[in-house]
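Reviewing the structure listed below.
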Amino acid sequence: MSYNRVVLKFGGSSVATVERIRNVAGRIKGDYVDKGYEVAVVVSAMGKTTDNLIELARKTSSVSDGREIDQLLVTGEQQSAALLALALKDLGLKAKSFNGSQAGFIAYGHHTEGRITDVNPKRVEEWLSEGGVAVVTGFQGINELGDFMTLGRGGSDLSAVALAVALDGEFCHIYTDVDGIYTADPKVASGAIKLSSVSYEECIEMAALGAKVLQARSVEFASLYKMPIYVSSSIVDGEGTWVREEGIKEGLVIKAVVHDKNVAKIAVLGVPDVPGIAAGLFSRLAERGIGVEMIIQSVMRGDVNDIAFLVKETLLGDAIEVCSEYAREIDAQGVTYDSEVGRVSIIGVGLSVHPDIPAQMFSVLSREGINIDMISSTSNSITCVISSTSVDKAVSSLHKHFMEGEV
Ligand code: ADP
Ligand code: ASP
Ligand code: MG
């Protein structure tokens, strides 16, 4: 095992301009190379490049073809990787960029939502052992046909953690535009407090419920292989946040308030209450690669019930198509949807043993005049679906109540 090897990752905002790419090169040199580390760096596409490429495809054609979208999207990370390698060379370092195929990322599954099956970074390892800095494109791998696959939005975090595991790195340092993980999105809650560390369990819950500072799948992967992650700013100096295993602690409990505005609600109404109906609906959605969350089946009304759930807003069109077709086949009463919703959650390991917390959460929302559309809870979180326009207010009020001691 090498204890002097690290994998660094720089997100889109950190490499958004030529100046920032040059700044990143300086950081890699100062923070790690000059201290004797072997360094592999994973990069995202510059700024909003991925969004812009998706928009370009949408304007060019009405056909949504995952394979072609993936061939297009991978070019974003290839630009930033090559530019960063050039900037590192400018500082006198040995540097080389590698795309997902060259770096040995093997993926499978649906285009645009590929999953990593293996990472064989042979060329990267060789380059590191020759004293070079390896710059690897995030967000991409190749499938069994040799075609590029992307790994879901925010997927460079996953690439970085997977590479850190494959290279047996000491830890994975994720540089971003905030200086750590906070008790709420610091862009939304002005009183948000920086956490010095969070457990994998808490961080998975935070990421899964919308805290976009780390992609949820990357934290799950890190937890599986016990790879520590350190999150800090690429712009300002200072202590960041560790994500790693933590000892069991008793006491309170609420670690963060997180939100997600990029979800949409869909409901299939008047579904016949017979075995196999839910299995059929969710199999159809799965076949189309549509992930669902917060599935709620209402109590029976006569011999029918309703099934409601959330999907990513970008997948709403596909979900409506699948649900409408299925509703016709099973003779359900119809399909409704709402894209103007968001969710707000409070997170804390062991929260379910505190019986007063749900009531406190709902009281805060009601005091703000916010109507709750759906509620769900796990042992580590409570989530309310509310209108998207109320999300910021809900986050601030819940944060003030639970984290800043305001009653
Ligand atoms: P990158 O481009 O580096 O991948 P992202 O935009 O994906 O960066 O993630 C960083 C953003 O995550 C921050 O700018 C911040 O607004 C947001 N964020 C949401 N929740 C949190 C949180 N709890 N702590 C820190 N940042 C958060
Ligand atoms: N560029 C990709 C995205 O915008 C991957 C990433 O930034 O992590 O989703
Ligand atoms: Mg990100």
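The values are calculated or read from the model by the stated rules, or taken from the named source; none is laboratory data. None of these values were measured; they are calculated from a predicted model. Methodologically, a virtual Cβ is constructed for each residue, glycine included, from the backbone with ideal geometry; neighbour enumeration extends over all protein chains shown. Note: areas computed on protein heavy atoms with side chains; ligands, DNA, RNA excluded. Shrake-Rupley method; radii C 1.70, N 1.55, O 1.52, S 1.80 Å.
So the values come out like this:
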quantity: Selected residue [modelled with pLDDT under 95 and open to solvent by less than 40 Å² (accessible area, probe 1.4 Å)] from I357, I346; calculated: I357
quantity: One residue from S388, S377, S381, S345 being among the small types (G, A, S) and without any contact (Cβ under 8 Å) to a residue 40 or more places away in the chain; calculated: S377
quantity: Among (1) out of contact with any helix residue (DSSP H, G or I) (no Cβ under 6 Å at 6 or more places or on another chain); (2) at pLDDT 95 or above - the single one D177 does not satisfy; calculated: (1)
quantity: Condition check for I181: surrounded by 20 or more Cβ atoms within 10 Å (Cβ to Cβ), within 15 Å of ligand 3 (Cβ to nearest atom), more than 18 Å from H401 (Cα to Cα) and not hydroxyl-bearing (S, T, Y); calculated: yes
quantity: Qualifying positions in the stretch 11-28 - within 16 Å of ligand 3 (Cβ to nearest atom) and either part of a helix (DSSP H, G or I) or open to solvent by 20 Å² or more (accessible area, probe 1.4 Å) (or both); calculated: G12, S13, S14, V15, A16, R20, V24
quantity: From the options F221, F309, residue that is within 25 Å of R153 (Cα to Cα), open to solvent by 20 Å² or more (accessible area, probe 1.4 Å) and not in a loop (DSSP other than H, G, I, E, B); calculated: F221
quantity: Yes/no for D168 being touching a residue at least 60 places away in the same chain (Cβ under 8 Å), open to solvent by 10 Å² or more (accessible area, probe 1.4 Å), within 16 Å of ligand 1 (Cβ to nearest atom) and touching a strand residue (DSSP E or B) at 6+ places or on another chain (Cβ under 8 Å); calculated: no
quantity: Meets criteria (assigned to a helix (DSSP H, G or I), within 13 Å of ligand 2 (Cβ to nearest atom) and either out of contact with any helix residue (DSSP H, G or I) (no Cβ under 6 Å at 6 or more places or on another chain) or at pLDDT 95 or above (or both)) for A164; calculated: no
quantity: Filtered residues of the stretch 69-125 (kept if at positive phi and open to solvent by 60 Å² or more (accessible area, probe 1.4 Å)); calculated: G92
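Per-residue answers, yes or no, for (1) open to solvent by 30 Å² or more (accessible area, probe 1.4 Å); (2) among the aliphatic types (A, V, I, L, M); (3) at pLDDT 90 or above:
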{"site": "G289", "(1), (2), (3)": "no, no, no"}
{"site": "S298", "(1), (2), (3)": "yes, no, no"}
{"site": "R301", "(1), (2), (3)": "yes, no, no"}
{"site": "L316", "(1), (2), (3)": "no, yes, yes"}
{"site": "D331", "(1), (2), (3)": "yes, no, yes"}
{"site": "E340", "(1), (2), (3)": "yes, no, yes"}
{"site": "S352", "(1), (2), (3)": "yes, no, no"}
